[in-house]
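Quick notes on the structure that follows.
The values are calculated or read from the model by the stated rules, or taken from the named source; none is laboratory data. All figures in this text were calculated on a predicted structure; none of them were measured in a lab. Please note: Cβ atoms are built from the backbone with ideal geometry, for glycine as well, and neighbour counts cover all protein chains shown.
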Amino acid sequence: MLQIFDLSEKKTFYWFEDGLKLWAKHELCRQRITELTVTMAEESPLLSLV
């Protein structure tokens, strides 16, 4: 994973979320996930939906 140390957690999550497909964005909103570290931990269940 690319690491950019001068970005805040919220900005990093925004840029990550911006690259997702619409269904994945909806799933993150449904689960109320707003942090990149939590997103990475929850990645496996999302991939099983593909």
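Are any residues in the stretch 26-40 buried (at least 16 other Cβ atoms within 10 Å of the Cβ) and farther than 19 Å from residue 8 by Cβ, and if so, which ones?
Scanning the stretch 26-40 gives a single hit, 27.
The helices (runs of 4 or more DSSP H) found wholly in the chain and carrying at least 2 residues that are out of contact with any helix residue (DSSP H, G or I) (no Cβ under 6 Å at 6 or more places or on another chain) and either modelled with pLDDT under 80 or among the acidic types (Asp, Glu) (or both) occupy 9-18, 36-41, 43-47.
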